[in-house]
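Have a look at the structure below, then the notes.
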Amino acid sequence: MLESISLKFTENEELVIDPAQGVIVFVGPNNSGKSLILRELETAISGGNIAVSKLLNDFEIIWPSPQQLATDISDLSKKAPPGTSPEHVFVGGFSPSGHLEAGSVPREALETVFLQRSQKRWVCSQFLKYFLIRLDGRTRFVLTDDRNRGDLLLRAENVLAHIFKDDKLRRAISDIVHDAFGVYLTIDALSQQDLRIRLSDTAPSGDEQNLNEAARIFHAKARHIKEASDGVQAFIGILCAVLSGDYRAILIDEPEAFLHPPLARKLGYQLTSELKSERCLMASTHSADFLIGCLQASPHVRVVRLEYLNGKSKGHIVESSVLTKFFKTPLLRSANVISALFHDGVVVTESDNDRAFYSEIYFRLAEQEKRYPSILFINAQNKQTIRDIIGPLRAFGVPAAAIVDIDILKDGGQTWLGWLSSAQVPEALRSGFSVQRGDLCQRFSKIVGDMKTNGGVDALLDPDKQAANQLFDILDDYGIFVVRKGELENWLESLSVLGKKTDWTVSVLEKMGSDPANADYVKPTQGDVWDFMRSIVSWIKNSARKGTA
């Protein structure tokens, strides 16, 4: 149905997406445009004015061959209700509310525009719109409502009637529901005029569609779906909608809503697994679990990360092969790095102690100064593995900042070049920075000794101090933030906290207080670690920052 989608941004060139890959997942922080793209695409295909779209630039459809067009029209004719004129092509699909929406198109006109590959807008508004569905948070619960049974000898007028009549489909949905919740989906037709979804602890025996005593006993023991949790209803509603229609484009906004993480992952897996080759699924999500579920089910998942800061938008395509390798790497998976795709920025620290301290500093600043971006704090296993995390994230367009102790100056040779490469420092500048690093490291050794514990930059003589700050200023520009005081334990010296590593972190957090109403609660001021964190936040917020794709 869709051959390509092009998006427009203020911060990079037009981004062209190929839906034929199967699954497209839009990720990014809040208000980045994920849901907007789905709404604009639905509007455009339904005949709306694409010129007013903010993100959708255009789209192209797949024009079938004459043979394929003849086959498609023949298949649609078989589904047409009695009395449909052979001069018209019947088209219909279930709407997000679960009811059948149908129409007919003059056959000659349809064949002409398809064979001439012309009038794309007309084809979409008159024909292709029936092969698209968009589900959002408001519609997924409606899909599990009781439905009028209607005349079961005629075409089903709603989703439940369709599932009730299709034994193979009903069993397939029931199997998925049982795998997810340990109960079986069945449809009760015992009401005077309605069909109702019920969830049974025991598998249907084959009598459940009858009106006999066995059917009555079976359904009486099963729960009506409206007695189930919101998560169960949302999961089943999406599943029923997606599997019940002949959709070529399926758009789902926040499919993980109301689902706990394992269930979001299972939904991503099931939707991707059940996707037929001629269909495309596009979802906007905040859930790393939903994304991982999609990746586990198919190698043909592409991620589009969106960003919107300071009135400027960006977009990056993350290839499925790169992302799959990314989340299968134990270091990155254990650090929950994939969650970084859903935040405005990420700060990567050397250890969990660093992460706990710096995230608390950020929290207190954000609490006091407001309008701070959404930042995820994660820790690597050590200083060297930080660059193994920030490098791939930056290639995905994620502003990933590194916090390192001053002994990064000891990382010479290829290790130092690895730092500069992961920070996307231009290659032409790297050799010069390498010389500067080596010279500063020697001066620290001669004058200061242990650069981490003996005062950091401030222990150097003025000319050397100036040179060190100049290098660290450049690293700041590229998102590598060096603790110029030496190391973590040199912050907030006014609190007189002793100890190292975990002992220091636990003690300093205790002394900082936990209740903002208490006098001993440490609030942000100027200087010290507060300005250090402010500089990191400023780099993340700067849409013209250096060091990211």
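Is it the case that some residue within segment 433-446 is surrounded by 14 or more Cβ atoms within 10 Å (Cβ to Cβ) and of a type in the set (Val, Ile, Thr)? No, there is no match, as no residue in segment 433-446 is surrounded by 14 or more Cβ atoms within 10 Å (Cβ to Cβ) and of a type in the set (Val, Ile, Thr). Mind checking whether some residue in segment 384-394 is among the basic types (Lys, Arg), surrounded by fewer than 16 Cβ atoms within 10 Å (Cβ to Cβ) and under 25 Å from the mean Cα position of the chain (by Cα)? There is no residue in segment 384-394 that is among the basic types (Lys, Arg), surrounded by fewer than 16 Cβ atoms within 10 Å (Cβ to Cβ) and under 25 Å from the mean Cα position of the chain (by Cα). When we screen 78, 34 for residues that are without any contact (Cβ under 8 Å) to a residue 12 or more places away in the chain and either touching a strand residue (DSSP E or B) at 6+ places or on another chain (Cβ under 9 Å) or basic (Lys, Arg) (or both), the only hit is 78. Scanning segment 42-95 for residues that are more than 19 Å from residue 121 (Cα to Cα) and β-branched (Val, Ile, Thr) yields 71, 73, 84. Scanning for something in contact with a Pro (Cβ under 8 Å, 6 or more places away or on another chain) and not in a loop (DSSP other than H, G, I, E, B), does segment 490-507 turn up at least one residue? There is no residue in segment 490-507 that is in contact with a Pro (Cβ under 8 Å, 6 or more places away or on another chain) and not in a loop (DSSP other than H, G, I, E, B). Evaluate segment 223-237: report whether one residue or more is over 28 Å from residue 3 (Cβ atoms) and hydroxyl-bearing (Ser, Thr, Tyr). Among the residues of segment 223-237, at least one is over 28 Å from residue 3 (Cβ atoms) and hydroxyl-bearing (Ser, Thr, Tyr), which makes the answer yes.
Of everything listed in (1) within 24 Å of residue 75 (Cβ to Cβ); (2) surrounded by 20 or more Cβ atoms within 10 Å (Cβ to Cβ), the single unmet condition for residue 143 is (1).
For (1) outside the structural domain of residue 234 (by TED's automatic domain parsing); (2) part of a loop (DSSP other than H, G, I, E, B); (3) surrounded by 15 or more Cβ atoms within 10 Å (Cβ to Cβ), each residue gets a yes or a no:
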{"site": "177", "(1), (2), (3)": "no, no, yes"}
{"site": "192", "(1), (2), (3)": "no, yes, no"}
{"site": "204", "(1), (2), (3)": "no, yes, yes"}
{"site": "209", "(1), (2), (3)": "no, yes, yes"}
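Taking the conditions (1) at pLDDT below 90; (2) crowded, with 21+ Cβ neighbours inside 10 Å in turn, residue 281 satisfies each one other than (1). Give the number of residues within segment 228-251 that are surrounded by fewer than 14 Cβ atoms within 10 Å (Cβ to Cβ) and either of a type outside the set (Asp, Glu) or modelled with pLDDT of 95 or more (or both). Summing the residues that are surrounded by fewer than 14 Cβ atoms within 10 Å (Cβ to Cβ) and either of a type outside the set (Asp, Glu) or modelled with pLDDT of 95 or more (or both) in segment 228-251 gives 1.
Of all residues in segment 66-99, exactly one satisfies the criterion of being under 31 Å from the mean Cα position of the chain (by Cα) and of a type in the set (A, V, I, L, M, F, W, C), namely 94. Counting only strands (runs of 3 or more DSSP E) that sit completely within segment 1-96, those holding 1 or more residues that are among the small types (Gly, Ala, Ser) and more than 20 Å from residue 135 (Cβ to Cβ) correspond to 2-7. Considering only segment 346-363, I want to know if a residue exists there that is basic (Lys, Arg) and over 20 Å from residue 35 (Cβ atoms). The answer is yes, given that some residue of segment 346-363 is basic (Lys, Arg) and over 20 Å from residue 35 (Cβ atoms). Going through segment 219-266 one residue at a time, which ones are in a helix (DSSP H, G or I) and without any contact (Cβ under 8 Å) to a residue 60 or more places away in the chain? If the condition is that a residue be in a helix (DSSP H, G or I) and without any contact (Cβ under 8 Å) to a residue 60 or more places away in the chain, then 219, 220, 221, 227, 231, 232, 235, 261, 262, 264, 265 are the ones that fit. If I ask for residues that are loosely packed, with under 14 Cβ neighbours inside 10 Å, in contact (Cβ under 8 Å) with a residue 12 or more places away in the chain and of a type outside the set (D, E, K, R), which ones from segment 104-139 would you list? Selection gives 106, 115, 137. Only one entry in 293, 311 is small (Gly, Ala, Ser), modelled with pLDDT of 90 or more and either surrounded by fewer than 22 Cβ atoms within 10 Å (Cβ to Cβ) or more than 29 Å from residue 541 (Cα to Cα) (or both), namely 293. Before we move on, is residue 409 part of a helix (DSSP H, G or I), over 26 Å from residue 31 (Cβ atoms) and free of Cβ contacts under 8 Å to residues at least 40 places away in the same chain? Taking the combined requirement at face value, the residue does not satisfy it. Taking residues in segment 523-547 that are more than 21 Å from residue 312 (Cβ to Cβ) and surrounded by 13 or more Cβ atoms within 10 Å (Cβ to Cβ), and partners anywhere that are at pLDDT below 95 and not aliphatic (A, V, I, L, M), the pairs with Cβ atoms closer than 8 Å and at least 6 places apart or on different chains are 524/368; 524/369.
Output the residue which, of all residues in segment 496-516 that are under 17 Å from residue 361 (Cβ atoms) and in contact (Cβ under 8 Å) with a residue 12 or more places away in the chain, is surrounded by the fewest Cβ atoms within 10 Å (Cβ to Cβ). It comes out as 516.
Selection of segment 329-357 for residues being crowded, with 21+ Cβ neighbours inside 10 Å and of a type in the set (Ser, Thr, Tyr) yields only 349. Just to be sure before I move on: is residue 307 out of contact with any helix residue (DSSP H, G or I) (no Cβ under 9 Å at 6 or more places or on another chain), under 30 Å from residue 405 (Cα atoms) and acidic (Asp, Glu) in the structure I sent? Spelling it out, residue 307 is indeed out of contact with any helix residue (DSSP H, G or I) (no Cβ under 9 Å at 6 or more places or on another chain), under 30 Å from residue 405 (Cα atoms) and acidic (Asp, Glu). Might you check whether a residue that is part of a helix (DSSP H, G or I) and closer than 15 Å to residue 469 by Cβ occurs anywhere in segment 413-425? Looking for residues that are part of a helix (DSSP H, G or I) and closer than 15 Å to residue 469 by Cβ, one finds none in segment 413-425, hence no.
Filtering segment 330-364 to residues that are touching a residue at least 24 places away in the same chain (Cβ under 8 Å), of a type in the set (A, V, I, L, M, F, W, C) and under 12 Å from residue 376 (Cα atoms) leaves 335, 337, 338, 340, 341, 342, 346, 347, 348, 356.
State all residues of segment 136-155 that are modelled with pLDDT of 90 or more and touching a helix residue (DSSP H, G or I) at 6+ places or on another chain (Cβ under 6 Å); if no residue qualifies, say none. Within segment 136-155, 144, 147, 150 qualify. Entry remark, segment 358-385: residues being more than 22 Å from residue 307 (Cβ to Cβ), of a type outside the set (Lys, Arg) and either not in a strand (DSSP E or B) or not assigned by TED's automatic domain parsing to the domain that holds residue 525 (or both) number 11 in total.
The values are calculated or read from the model by the stated rules, or taken from the named source; none is laboratory data. Here the structure is a predicted model, which is why all the values come from computation and not from measurement. Quick reminder, even Gly has a Cβ in these numbers, built from the backbone with ideal geometry, and neighbours come from all protein chains shown.
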